[in-house]
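**Q** Got a structure for you, questions after.
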């Protein structure tokens, strides 16, 4: 029996990913390749990322168990707003449209951010109620007001960082402490060995937070405090900052559910802090499954599945 599938493709700044979603809405394949960053460097230029994506996609296609495609979906822009653009996403769009034409199936474009939200909702009970969402990664720290629609979401950015993103904060301190880039998993492992209650300063203003000041404070402590203590302080600072802004937004928008997506949302220390302290204030933090929090094509494929199922192509 031939199994029909929807393909999702995502080429973000640091991960090439292809996913296959069955017509039953279940994940059939999730293939990824993290882009390589030279030791000591804190990122990749767009041209370097594109070069790696172009080499990764053919290899990922070979490793995916592809049968009969009914649609292909790709993230062609970072966010679903006018003017949103990053060259890396055009790799996903180009390959996606080419594969769809060869297979003679519909090609569906979406955004990287919508893919994160859809992946974060995978396995959650369906709800039509609006909710807040934090998209926190190396390239984004945005607080969103999300309204579910019959197909897709209405997304309004209502807050976020005014300078450094949460992932940049983590990466800069991690690299200063000698960890590889991206530093998140390495810094988390170090932080788990500390029990310090000390914290870096928290800077918020309404629904806006800032990590440049805390990052500068952290850099001044490098070499003078144990690396584990400093690592834990970084995650504690992020958790406190997110909670403070969330409480204000929840009251202003009258919602009590907050979806956490993006690579930083997979950090267990931040999750523990937000869940424990949010529940005391009547806020329910919902975290994407760890394997679906970081950049992936699963959410992109699921958006294609939603549209295919409802005939909105």
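**Q** Let me spell it out: the conditions are (1) assigned to a loop (DSSP other than H, G, I, E, B); (2) surrounded by 23 or more Cβ atoms within 10 Å (Cβ to Cβ); (3) modelled with pLDDT of 95 or more, and residue 300 meets all of them except one. Which number is the exception?
**A** (1)
**Q** Another question, if that's okay. Does residue 96 satisfy being at negative phi, in a helix (DSSP H, G or I) and touching a helix residue (DSSP H, G or I) at 6+ places or on another chain (Cβ under 8 Å)?
**A** The answer is no for residue 96.
**Q** Going through the range 68-121 one residue at a time, which ones are without any contact (Cβ under 8 Å) to a residue 12 or more places away in the chain and under 21 Å from residue 23 (Cα atoms)?
**A** 101, 102, 104
**Q** Next up: Could you give every pair whose Cβ atoms fall below 6 Å, whose first residue belongs to the range 244-260 and is under 12 Å from residue 274 (Cβ atoms) and assigned by TED's automatic domain parsing to the domain that holds residue 203, and whose second residue is at pLDDT 95 or above and assigned to a helix (DSSP H, G or I), counting only separations of at least 6 or pairs across chains?
**A** Matching pairs, first to second residue: 258/246; 259/120.
**Q** Here's another thing I want to ask about it. State yes or no: is residue 56 free of Cβ contacts under 8 Å to residues at least 60 places away in the same chain and on the phi > 0 side of the Ramachandran plot?
**A** Considered against the rule, which asks whether it is free of Cβ contacts under 8 Å to residues at least 60 places away in the same chain and on the phi > 0 side of the Ramachandran plot, residue 56 comes out as no.
**Q** Considering 179, 140, 110, which residue is modelled with pLDDT under 95, buried (at least 17 other Cβ atoms within 10 Å of the Cβ) and closer than 30 Å to residue 256 by Cβ?
**A** Going through 179, 140, 110 in turn, the sole match is 140.
**Q** Now, a different point. Assigned by TED's automatic domain parsing to the domain that holds residue 139, under 18 Å from residue 40 (Cα atoms) and in contact with a helix residue (DSSP H, G or I) (Cβ under 7 Å, 6 or more places away or on another chain): is that true of residue 234 in this structure?
**A** no
**Q** Return yes or no: is residue 80 in contact with a helix residue (DSSP H, G or I) (Cβ under 9 Å, 6 or more places away or on another chain), part of a loop (DSSP other than H, G, I, E, B) and modelled with pLDDT of 95 or more?
**A** no
**Q** Picking from 117, 99, which residue would you name as being buried (at least 17 other Cβ atoms within 10 Å of the Cβ), closer than 24 Å to residue 165 by Cβ and not assigned by TED's automatic domain parsing to the domain that holds residue 256?
**A** Sole residue among the options that is buried (at least 17 other Cβ atoms within 10 Å of the Cβ), closer than 24 Å to residue 165 by Cβ and not assigned by TED's automatic domain parsing to the domain that holds residue 256: 117.
**Q** Anything in the range 187-209 that is under 21 Å from the mean Cα position of the chain (by Cα) and surrounded by 19 or more Cβ atoms within 10 Å (Cβ to Cβ)? List them, or say none.
**A** Scanning the range 187-209 gives 187, 188, 209.
**Q** Restricting the search to the range 261-290, which residues are loosely packed, with under 15 Cβ neighbours inside 10 Å and free of Cβ contacts under 8 Å to residues at least 40 places away in the same chain?
**A** Those that are loosely packed, with under 15 Cβ neighbours inside 10 Å and free of Cβ contacts under 8 Å to residues at least 40 places away in the same chain: 272, 276, 279, 280, 281, 282, 284, 290.
**Q** Checking the conditions here, which among 118, 101 is assigned to a helix (DSSP H, G or I), farther than 17 Å from residue 69 by Cβ and either within 17 Å of the chain's Cα centre (by Cα) or at pLDDT 95 or above (or both)?
**A** The unique qualifying residue is 118.
**Q** Testing residue 187 on (1) touching a helix residue (DSSP H, G or I) at 6+ places or on another chain (Cβ under 6 Å); (2) in a loop (DSSP other than H, G, I, E, B); (3) within 17 Å of residue 42 (Cβ to Cβ), one condition comes back false. Which one is that?
**A** Failing condition for residue 187: (2).
**Q** For the range 138-152, name all the residues that are touching a residue at least 60 places away in the same chain (Cβ under 8 Å), in contact with a strand residue (DSSP E or B) (Cβ under 9 Å, 6 or more places away or on another chain) and more than 17 Å from residue 246 (Cβ to Cβ).
**A** 152
The values are calculated or read from the model by the stated rules, or taken from the named source; none is laboratory data. What you see is a predicted model, and the numbers here were worked out from it, not measured in a lab. Cβ: placed from backbone, ideal geometry, glycine included. Neighbour counts: every protein chain shown.
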